[in-house]
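S.K.: The structure follows.
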Amino acid sequence: GLGKDVNGKCSKLDDSLPALMQCFADKIAATNATASSPIPYSGPTATIRNPAYQAHLQDIWDRMAELNIPKNKNNAACRPLRDKVAAEIGCNGGHCIVYPPADFSNHSTGTAFDVSRDAIEGIFLNLTPLPPAPMTARQRKQAQRIWIADWLAKPTECNLTWGGNFQKPDLVHFQLP
């Protein structure tokens, strides 16, 4: 998932993606120069993945959803499996899946990367002023998404599409337009 094709079944990274990932990192560094609290960023958490791996991520997500419906969540017999699947989804040694995986992912074509949820939270804290009241939580999220998209576009054009603006938002995802 980090640009290393261990079994020869992944597309290669698009030639333009490394420069765009560097553009993103440079924006973080520039923001951190004046940030009240630095945005934690040490690089992408995922780049390429083959379709089988993408399907595996979907399967894990779907299993967790099934295990969390009330009849299963309260069933003690399901607890060991739920704990195992939760560990595989989680960020402590698992896949760190925080949003539902897409049916088709641009990660499979080498044209997307993900960053950590901590980096996104740091961007929100440093770049999005508190919206004026009264604003609903949904309106606040929409305003924040506009500010993040604007940050990506200026002052240097990174030419990335942010997953936070998808119909099903994926806040950690960035891809070529």
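The values are calculated or read from the model by the stated rules, or taken from the named source; none is laboratory data. Since we're looking at a predicted model, the values are computed, not measured. Virtual Cβ from ideal backbone geometry, glycine too; neighbours counted across all protein chains shown. Calculation scope for accessible area: heavy atoms of the full protein, side chains included, ligands and nucleic acids excluded. Shrake-Rupley method; radii C 1.70, N 1.55, O 1.52, S 1.80 Å.
S.K.: Multiply the residue gap between A35 and R138 by 0.36 nm, knock off their C-alpha separation, and tell me the result in nm, one decimal place.
M.R.: 34.5 nm
S.K.: Amide H to amide H, which residues 5 or more places from A46 or on other chains are under 5 Å from it, using H placed in the peptide plane?
M.R.: D114
S.K.: Run lengths n ≥ 4 of DSSP H only: what is the helix-derived mean residue ellipticity at 222 nm for the chain, with -39500 (n - 2.57) per run over all residues, to the nearest 500?
M.R.: Roughly -13500 deg cm²/dmol at 222 nm, from the helical runs in the chain.
S.K.: Starting from 0.36 nm per residue, how many nanometres of slack lie between I146 and N72 once their C-alpha separation is accounted for?
M.R.: 22.8 nm
S.K.: What residues of segment 81-108 lie in the reach of a label at L176, counting those whose backbone N is under 19 Å from a point 7 Å from the Cα along Cα→Cβ?
M.R.: 104-108
S.K.: Also, quick follow-up: Could you give me the percent of Cα pairs per 5 Å distance bin for segment 66-129, shortest bin first, beginning at zero and ending with the bin that holds the maximum distance?
M.R.: 4, 13, 15, 18, 18, 13, 11, 7, 2, 0
S.K.: Between R117 and D15, what FRET efficiency comes out of the Förster formula 1/(1 + (r/R0)^6) with R0 = 45 Å and r the beta carbon distance, rounded to 0.05?
M.R.: 0.95
S.K.: I would also like to ask the following. Given the protein chains as shown and a 1.4 Å probe, how many square angstrom of M21 are accessible, to the nearest 10?
M.R.: Accessible surface of M21 is approximately 30 Å².
S.K.: Given R₀ = 22 Å, FRET efficiency for K168-K84 by Cβ-Cβ distance, to 0.05?
M.R.: The calculated FRET efficiency here is 0.25.
S.K.: If I compute solvent accessible area with a 1.4 Å probe over the protein chains, what percent of it on the chain is carbon and sulfur?
M.R.: Accessible surface attributable to carbon and sulfur in the chain totals 55 percent.
S.K.: Considering only protein heavy atoms, with the full assembly of protein chains and a 1.4 angstrom probe, order W162, W61 by accessible area, largest first.
M.R.: Highest to lowest solvent-accessible surface, that is W61, W162.
S.K.: So, taking all protein chains as they sit and a 1.4 Å probe, how much accessible area belongs to K12, in Å² rounded to tens?
M.R.: 130
S.K.: If you count only protein heavy atoms with a 1.4 Å probe, what accessible area per residue comes out for the chain, rounded to a whole Å²?
M.R.: Each residue of the chain exposes 59 Å² on average to a 1.4 Å probe.
S.K.: Give the whole-number value, in cubic angstrom per residue, of the convex hull volume spanned by the C-alpha atoms of the chain.
M.R.: That works out to 144 Å³ per residue.
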